[in-house]
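For reference, the structure is listed below as structure tokens.
The values are calculated or read from the model by the stated rules, or taken from the named source; none is laboratory data. On a predicted model such as this, the values are computed, not experimentally measured, just so you know. Positions of Cβ are backbone-derived with ideal geometry, glycine not excepted, and every protein chain shown enters the neighbour counts. Accessible surface is based on the protein model in full, side chains and every heavy atom, while ligands, DNA and RNA are left aside. Shrake-Rupley method; radii C 1.70, N 1.55, O 1.52, S 1.80 Å.
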Amino acid sequence: MRGVEGWRWGKGTGSRSAWARGRVLALLAVLAAGLMAFHSVVPNAVGRLGSLLETFLPWMGLAVPLLLVLALLRRSALALVALLLPVAVWANLFGGLVLADEDSGAHDMTAVQHNVSDENSDPEGTASALIEAAPDVIALEELTPSALSVYESALAADYPYHAVEGTVGLWSKYPLSDVRPVDIKPEGIPEGWNRGLRTTARTPQGDVAVYVAHLPSVRIRWNGLSSGWRDESAGLLGEAIAAEELAKVILLGDLNSTVDDRGLDPVTERMDSTGRDFAFSWPATFPVSRIDHVMTRSMVVTDIRTLPATGSDHLPVAAGIRFEP
């Protein structure tokens, strides 16, 4: 009974009741909920803090178990009730990614996206691992001249059609035509930097424009997120997709951020990326975000998942794609 009274009346921890204690914890819970619910209003003017928050937005949910432990130790009913707010917001934002839908997995084709890393010491093993997933198309980034010949040889039997521009490439079971580079190079990057391509895949369901892109890297520094080049490149990619004449479009690429990051708005406003899993792809040793993407227009991404690790610092991602009726 003393334990119950201690909870209700605060014996042993002061005279305040459980509803008066833990105001700071309750405030932190409300703050966590507010940051998740209204992340778009966090300004980007200084250090691109808004983009930094959005890049790791799902991990804001970790505030809940931490604050829960502290609330229990503090015996604060106020903090416990306040924790319902971040729980509700997180569930609203991300609950759909972890709740299975039995019918959502039906698809017409499978696409694999993989940044193979220019330091990958086993390109042949990487190619074999991707073939095991039996995709219809495979997009690769960070292709080096020496590794390119290995991928071409290893993938040729299963993927007779391929296109390469600069350091990005696409291997396909479908015939490819109208291959051309896509200029996504920001100002200030030296000439010769080519990380975008566009081609037409002739599928049984009709022609599809396929884009492969690798946006510039970002850096987290003491003063925030450095993403200027990435944001500019995303704008150029978005313009290219907006000008695309074919109705059906697939975008495969390492976009160096998550779909929640407003820096990718020029792309995500024109494309759809869904799925019932977070499919964190980077870094391969302990994935914390999905910066490798499969997006579509006038098609549906039914599911997305990661594949086993290769010799890269990224995990491959595989997605099912369904053609709209």
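Here are some notes:
- For ASP122, solvent-accessible area (1.4 Å; no DNA, RNA or ligand), Å²: 80 Å²
- Sequence of VAL69, VAL64 from largest to smallest accessible area, 1.4 Å probe: VAL69, VAL64
- Label positions at GLU152 and LEU62, each projected 7 Å from the Cα along the C-beta direction, are separated by 4.4 nm.
- Take the Cα of ASP108, go 7 Å toward its beta carbon, and the backbone nitrogen atoms of the range 306-325 under 14 Å from that spot belong to 320-325.
- Accessible area (Å², per residue) of the range 126-190, counting only protein heavy atoms and a probe of 1.4 Å: 43 Å²
- For the pair SER40 and GLN205, a Förster radius of 35 Å applied to the C-beta separation gives a FRET efficiency near 0.45, rounded to the nearest 0.05.
- Share of carbon and sulfur in the accessible heavy-atom surface of the range 238-325 [1.4 Å probe, %]: 52 percent
- Computed over the range 180-278, Cα set: Rg, Dmax in Å: 14.3, 51
- Pairwise label distance in nanometres, ILE189 with ASP265, each label 7 Å out on the Cα-Cβ vector: 2.2 nm
- With a cut-off of 20 Å on the backbone N, the residues of the range 43-76 near the modelled label site 7 Å out from SER17 along Cα-Cβ are 71-76.
- Taking 7 Å steps out from each Cα toward its Cβ at LYS173 and THR144 produces label points 3.1 nm apart.
- Three-way shape call for the range 113-270 based on the alpha-carbon gyration tensor, with the a/c threshold at 1.5: oblate
- When Rg and the Kirkwood radius Rh are both evaluated on Cα atoms of the range 39-124, their ratio Rg/Rh stands at 1.14.
- Axial C-alpha extent at least 18 Å, average Kyte-Doolittle at least 1.0 - helices from the chain (DSSP): 23-37, 84-98
- Per residue accessible area of the range 226-325, 1.4 Å probe, in Å²: 37 Å²
- Of MET60, MET271, the order by accessible heavy-atom surface (1.4 Å probe, DNA, RNA and ligands excluded), from most exposed downward, is MET60, MET271.
- The range 109-195: translational diffusion in µm²/s, Stokes-Einstein, Kirkwood Rh over Cα pairs, 37 °C, 0.692 mPa s: 243 µm²/s
- Taking 0.36 nm per residue of sequence separation and removing the Cα-Cα distance, the GLU239/GLU132 pair yields an extension gain of 35.0 nm.
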